[in-house]
1. Restricting attention to the range 308-358, which residues are exposed (fewer than 15 other Cβ atoms within 10 Å of the Cβ) and modelled with pLDDT of 95 or more?
2. Can you tell me how many residues in the range 64-86 are over 25 Å from the mean Cα position of the chain (by Cα) and not in a loop (DSSP other than H, G, I, E, B)?
3. Could you tell me which numbered condition residue 17 fails, if it satisfies all but one of (1) in contact with a helix residue (DSSP H, G or I) (Cβ under 6 Å, 6 or more places away or on another chain); (2) away from ligand 1 (no atom under 16 Å from the Cβ)?
4. Please tell me if residue 142 is within 25 Å of the chain's Cα centre (by Cα), more than 24 Å from residue 378 (Cβ to Cβ) and in the same structural domain as residue 252 (by TED's automatic domain parsing).
5. Taking the range 218-242 only, how many residues are over 23 Å from residue 165 (Cβ atoms) and not in a loop (DSSP other than H, G, I, E, B)?
6. Of the residues 291, 286, 369, only one is in the same structural domain as residue 245 (by TED's automatic domain parsing) and more than 16 Å from ligand 2 (Cβ to nearest atom); which?
7. Taking residue 104 and the conditions (1) in the same structural domain as residue 298 (by TED's automatic domain parsing); (2) within 23 Å of residue 382 (Cβ to Cβ), which numbered condition does it fall short on, given that it satisfies the others?
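The values are calculated or read from the model by the stated rules, or taken from the named source; none is laboratory data. Only a predicted model underlies this, so the values are computations on that prediction, with no experimental measurement involved. Here the Cβ positions follow ideal geometry from the backbone for every residue, glycine too, while neighbour counts run over all protein chains shown.
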Ligand code: F6P
Ligand code: MG
């Protein structure tokens, strides 16, 4: 049950796989080691220090394996629910494979799993997140865009009264389109690509104003936004009205996801939103439960933005309060916002295998009216991270996630940061060839995006 196109691998010098496996991953791991060393230097208890020194030694070993292109060994049984999934996949498909000749997607995911193992087998540092400082820091440097949204949405979205229905619907449609783009472009600030960003760079990636959005829509190369609106509009009449977000990055992207989800609930378009996060640090900046809680708490109690005005701070508090203290608990009690973390999300499987390897999760998602997959990695997983032509229709590229019985309706909101590009329409191959010539780095810059919808197949 595989696609007919070859998967990218680290030794493919023409692909981003090569630079990622050879240069980016060792750089990311080096920074992770620096972070753990910094934490070590802050400790006073000998037990904790000795235990963390062991974690650092395991990280050094991982660095040696990665730079020396070692063969992939099984994951140590550290009690995580995903161990059987990992070791089954290694035994079945990747025996004897090394970091460079295993499929890129698998080898890259494996590195993050091994990094987690460095801590999960320890006594005191099981839950340590080497990327946590970086995630918090980037959000604190996103002030401008954060306040632009909080000042606009502190007051919950309410459809205007006393105007004709058609006008009200049009206002809602425009708001939907704008916030879908806010949610989409929120993905541009993933930290695995943008190490050491300046405040200026962050700002240019995060402008959220209306004019800017009109201009950026032309960079959405596969664009199902209008179909998406028709779909979401029809949910209001449904008894279910459940929307799922398979989350990507913490901090600013998560904040944008929540602004969007808040709008979907406040406007009555959806009755429930379920968020799916990761169980441990993943691809640098992906959302864990701790990141989720940090965001909501920092919005309400944090002192992150010393230069902000009192009105700005108040708007962020109000928004956070609505999501958390009053509304989040209320949302959670009423089942309006639910946070989940299935083990399958932190494995090396693509979503072509979701229905067979995690049937419980597949069934769960099949009950949703719409599942948003955020970001580049989720997109790679949907499309098997293989060399499909850019004209391949999205629902063909995602295989069983569109065609298996019970496949949910799926929407990928992704800024393009790696080789897989599908769903660009009949002229897709031409568009892609032209960009290859004119803008050689277009597949990794995050300047372009796709918003692609698949209707799924009701079971
Ligand atoms: O290392 C490459 C990669 O896996 C790409 O998919 C992307 O550049 C990045 O890491 C993760 O991006 P995102 O956070 O959008 O999934
Ligand atoms: Mg990510």
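1. 309, 310, 311, 314, 356
2. Number of matching residues: 4.
3. (2)
4. no
5. 7
6. 369
7. If we test residue 104 against (1) in the same structural domain as residue 298 (by TED's automatic domain parsing); (2) within 23 Å of residue 382 (Cβ to Cβ), just (1) comes out false.
Listed here are the residues, each with its yes/no results for (1) over 23 Å from residue 318 (Cβ atoms); (2) within 16 Å of ligand 2 (Cβ to nearest atom); (3) not assigned by TED's automatic domain parsing to the domain that holds residue 141.
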site	(1), (2), (3)
238	yes, no, no
243	yes, no, no
248	yes, yes, no
251	no, yes, no
276	yes, yes, no
